[in-house]
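Here, each number is a calculation from the coordinates, and none is a lab measurement. Remember, predicted model here, so these are calculated numbers, not experimental data. Methodologically, a virtual Cβ is constructed for each residue, glycine included, from the backbone with ideal geometry; neighbour enumeration extends over all protein chains shown.
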Amino acid sequence: MMPDEAVLGCAGELVLGTRGAAGPGEVLVRVRGGTETFLAWSEDPLPRGAAVLVVASRGGRQVDVIRWADPLDALAGDAGDAG
């Protein structure tokens with residue numbers, strides 16, 4: 001199966017937590033102008049609702065993810081303090 005390069009670097013949210021080496025979870029990824037679900041693998045278990053970043057595609061609608069915090073969210077919080 002061919003990797004899906006369009007999802008690399010895309011942000012998402014886990015709708016089903018990952019279990020590390022014990023198995024995948026499920027991630028909702030913002031890609032191609034919409035959202036799509038993929039099986040999500042991670043080195044360590046991640047809880048449902050965690051914000052993640054897609055770092056690799058395994059093909060067959062499977063991706064590797066890491067926990068991720070959008071740096072722009074942090075900047076938006078600081079802007080409210082400036083006024």
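On a 0 to 90° scale, report how tilted helix 71-81 is relative to the longest principal axis of the chain, with both axes built from alpha carbons and the result rounded to the nearest 10.
On a 0 to 90 degree scale, this one is about 20.
Would you tally the net charge around residue 45, using a Cβ to Cβ cut-off of less than 15 Å, leaving residue 45 out, and scoring K and R as +1, D and E as -1? Kindly include the intermediate steps, with their values, before the conclusion.
Working: positive: 19, 48, 67; negative: 26, 43, 44, 64.
Local net charge: -1.
What's the long-distance tail for the stretch 5-70, i.e. % of Cα pairs beyond 20 Å?
Numbers: 235 of 2145 pairs.
So the portion of pairs separated by more than 20 Å is 11 percent.
Mind giving me the nanometre distance, one decimal, between the label points for residue 76 and residue 35, set 7 Å out from Cα along Cα→Cβ?
Reported label-point gap for residue 76 and residue 35 is 1.4 nm.
Given a cut-off of under 8 Å on Cα pairs at least six residues apart, what relative contact order in percent is computed for the chain?
On the way: 185 pairs, mean separation 24.7, N = 83.
About 30 percent, as a whole number.
So which trypsin sites (Lys or Arg not before Pro) in the chain are both in a DSSP loop and have at most 16 other Cβ atoms within 10 Å of their Cβ? It would help to have the intermediate numbers written out before the result.
Values: sites: 19, 30, 32, 48, 58, 61, 67; in loops: 32, 48, 61.
In loop regions of the chain (DSSP not H, G, I, E or B), the sparsely surrounded trypsin sites (Lys or Arg not before Pro) are 32, 48, 61.
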